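Asks: The structure is given below, and queries will be raised subsequently.
The values are calculated or read from the model by the stated rules, or taken from the named source; none is laboratory data. Everything quoted here is computed from the prediction, not taken from an experiment. With ideal geometry, Cβ positions are generated from the backbone for all residues, glycine too; neighbour counts draw on all protein chains shown.
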Amino acid sequence: MNVVLFSDTYPPDINGVATSLYNLHLTLVNHGHKCMVVTVNPWNNDVMIDDDIIRIPGLELKKLYGYHIAGFFNQKAFEAVKKFHPDVIHVNHDAGLGQFGFICASRLNVPTAYTYHTMYEDYTYYVTKGHFDLIAKSIVRSYIRLKAEQTAEFIAPSEKVKDYLRSIGVDTYINVVPTGVDFSRFREQIGTKEEALALRKKFGIDEKDFVILSLGRVAKEKSIDVCLRGYADYLKSGEDKPTKFLIVGGGPALDDLKALTKELGIEKKVIFVGPVKPDETQYYYQISDCFVSASITETQGLTFMEAMASSLVVLARYDDNLAGTIVDGKTGYFFYDLGDFKDRLRAIVNLSPSARKNIISQANKALEPYSLDAFHDNVMEVYRRAIRKRW
């Protein structure tokens, strides 16, 4: 099958949608399909065609993580897509390239699949700054309902997203297709123990330190401040073992979080690594012991699964989206408030080796539905249904 993926974000961007698209591209090619990706060129103003990746120049949005947004149409890219003879076009974004995907599908009479990756209502404040936010959310809901009617097959990456879509009036059939993850690179070690110790030494992490990791985009909606406040409470109550808090990632909330660590008096215990390349994230999982997150805006929780595959114990703020993957006390832990965070973190730090091993074993079993093979099988069924609607 010939598949074209349209998205305004793709590696080297670091976010859940970019990771999802990379994994989808990978599994389609590995299963013998031809797959083309049409995305943004973040480096220059040229249309770059490199094998099966087409990159279109776009405008940089400096206030929104430095993302780039392309226009609704590009003739050179359209000709490349036309020559590719797609069987289905899969739209994964809603800005310029998302609309370009729908235009290509209409002109070429090709069926579309559309994945609603991002809970846009959680991000309207970036545009409205708090003004007319209700109107902005209403516009978002109307747009989603419209796209649900226009596409041949509508995809949600989780039951949480499906429930939200139903709540705002989307009444078309919704396919729930969780993103597959290439767990192999997280389960494999980066090399010798000496190499891992060298990375810890680079950031001033002692061999005896228990490392708490936050990895991902550093933004307001990720609620990293909640984890830092909970960590400060844990430290005030008396450490059982020496710890360090490692924050890996970049974003608009970075300066605020650095100021918060000083306000809380924990700046010597918190390490801000900054953004890292997507193919280096497994190194930071490997040198850590526990993954924490207070975000309740995730549509899938890919970093949670990466952490579990990397043999970290996960501590997450409760979210319905994670209930199927994290079973409290068995495959990881949930917390509900700051006091809860402090107590759960202490329990994780003091887990016996056998208890920790059991949690990690159960966590790996819970990841089986998110394999790349399962991802391929699920998404191919959606594509086949989309194509049948054009017979």
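Asks: Since residue 105 meets every condition but one in (1) under 28 Å from residue 220 (Cα atoms); (2) crowded, with 22+ Cβ neighbours inside 10 Å; (3) among the small types (Gly, Ala, Ser), which condition does it not meet?
Replies: Of the numbered conditions (1) under 28 Å from residue 220 (Cα atoms); (2) crowded, with 22+ Cβ neighbours inside 10 Å; (3) among the small types (Gly, Ala, Ser), the odd one out for residue 105 is (1).
Asks: Here's another thing I want to ask about it. Failed condition for residue 346, given (1) surrounded by fewer than 23 Cβ atoms within 10 Å (Cβ to Cβ); (2) closer than 21 Å to residue 235 by Cβ; (3) within 19 Å of the chain's Cα centre (by Cα), with all others met?
Replies: Result: residue 346 fails condition (3) only.
Asks: Quick one: is residue 103 at pLDDT 95 or above, closer than 23 Å to residue 174 by Cα, of a type in the set (Val, Ile, Thr) and part of a helix (DSSP H, G or I)? Full working, then the answer.
Replies: On the way: at pLDDT 95 or above: yes; closer than 23 Å to residue 174 by Cα: yes; of a type in the set (Val, Ile, Thr): yes; part of a helix (DSSP H, G or I): yes.
In short, yes.
Asks: Among the residues of the stretch 320-327, are any in a helix (DSSP H, G or I), of a type in the set (S, T, N, Q), surrounded by 14 or more Cβ atoms within 10 Å (Cβ to Cβ) and outside the structural domain of residue 90 (by TED's automatic domain parsing)?
Replies: Yes: the stretch 320-327 contains one or more residues that are in a helix (DSSP H, G or I), of a type in the set (S, T, N, Q), surrounded by 14 or more Cβ atoms within 10 Å (Cβ to Cβ) and outside the structural domain of residue 90 (by TED's automatic domain parsing).
Asks: Which one of 112, 9 is on the phi < 0 side of the Ramachandran plot and under 18 Å from the mean Cα position of the chain (by Cα)? It would help to see each step written out before you state the result.
Replies: Details: 112 fails: under 18 Å from the mean Cα position of the chain (by Cα).
One residue alone meets the criteria, 9.
Okay, residues lined up against (1) part of a helix (DSSP H, G or I); (2) surrounded by 24 or more Cβ atoms within 10 Å (Cβ to Cβ); (3) assigned by TED's automatic domain parsing to the domain that holds residue 242:
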residue	(1), (2), (3)
282	yes, no, yes
292	no, yes, yes
299	no, no, yes
316	no, yes, yes
334	no, no, yes
340	yes, no, yes
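Asks: Mind checking which residues of the stretch 143-168 are small (Gly, Ala, Ser), part of a helix (DSSP H, G or I) and touching a residue at least 24 places away in the same chain (Cβ under 8 Å)?
Replies: Residues of the stretch 143-168 small (Gly, Ala, Ser): 148, 152, 156, 158, 167.
Remaining after also requiring part of a helix (DSSP H, G or I): 148, 167.
Answer for the stretch 143-168, where residues must be small (Gly, Ala, Ser), part of a helix (DSSP H, G or I) and touching a residue at least 24 places away in the same chain (Cβ under 8 Å): just 148.
Asks: For the stretch 224-232, state whether one or more residues are under 26 Å from residue 187 (Cβ atoms) and part of a loop (DSSP other than H, G, I, E, B).
Replies: no
Asks: Let me ask something additional. Are any of the residues in the stretch 145-152 surrounded by fewer than 13 Cβ atoms within 10 Å (Cβ to Cβ) and modelled with pLDDT of 85 or more?
Replies: Looking through the stretch 145-152, at least one residue is surrounded by fewer than 13 Cβ atoms within 10 Å (Cβ to Cβ) and modelled with pLDDT of 85 or more.
Asks: Something else: What about residue 347, is it assigned to a helix (DSSP H, G or I), among the small types (Gly, Ala, Ser) and closer than 23 Å to residue 222 by Cα? So that I can check it myself, show each step before the final result.
Replies: Numbers: assigned to a helix (DSSP H, G or I): yes; among the small types (Gly, Ala, Ser): yes; closer than 23 Å to residue 222 by Cα: no.
When the stated conditions are applied, residue 347 does not pass them.
Asks: Among the numbered conditions (1) assigned by TED's automatic domain parsing to the domain that holds residue 284; (2) surrounded by 13 or more Cβ atoms within 10 Å (Cβ to Cβ), tell me where residue 194 comes up short.
Replies: (2)
Asks: May I ask you to list the residues in the stretch 236-268 that are of a type outside the set (S, T, N, Q), over 26 Å from the mean Cα position of the chain (by Cα) and surrounded by 16 or more Cβ atoms within 10 Å (Cβ to Cβ)?
Replies: Residues satisfying the conditions are 264, 266.
Asks: Moving to a separate point now. For the stretch 364-387, state whether one or more residues are buried (at least 18 other Cβ atoms within 10 Å of the Cβ), hydrophobic (A, V, I, L, M, F, W, C), without any contact (Cβ under 8 Å) to a residue 60 or more places away in the chain and in contact with a strand residue (DSSP E or B) (Cβ under 8 Å, 6 or more places away or on another chain).
Replies: no
Asks: Filter the stretch 251-271 down to residues that are touching a residue at least 40 places away in the same chain (Cβ under 8 Å) and part of a loop (DSSP other than H, G, I, E, B) and give me whichever is nearest to residue 205 (Cα to Cα).
Replies: That would be 251.
Asks: Give me the residue from the stretch 2-43 that is surrounded by fewer than 19 Cβ atoms within 10 Å (Cβ to Cβ) and touching a strand residue (DSSP E or B) at 6+ places or on another chain (Cβ under 7 Å) and, out of that set, modelled with the lowest pLDDT.
Replies: 42
Asks: From the residues in the stretch 367-387 that are touching a Gly at 6+ places or on another chain (Cβ under 8 Å) and in a helix (DSSP H, G or I), which one is nearest to residue 209 (Cα to Cα)? Walk me through it before giving the result.
Replies: As a first pass, look at the stretch 367-387 and keep what is touching a Gly at 6+ places or on another chain (Cβ under 8 Å): 370-376.
From what's left, in a helix (DSSP H, G or I): 370, 372-376.
Numbers: 370: 32, 372: 34, 373: 37, 374: 37, 375: 37, 376: 40 Å.
Within the stretch 367-387, the match that is nearest to residue 209 (Cα to Cα) is 370.
Asks: Looking at the stretch 201-223, which of its residues are touching a helix residue (DSSP H, G or I) at 6+ places or on another chain (Cβ under 8 Å), under 19 Å from residue 315 (Cβ atoms) and part of a loop (DSSP other than H, G, I, E, B)?
Replies: Answer for the stretch 201-223, where residues must be touching a helix residue (DSSP H, G or I) at 6+ places or on another chain (Cβ under 8 Å), under 19 Å from residue 315 (Cβ atoms) and part of a loop (DSSP other than H, G, I, E, B): 209, 216, 218.
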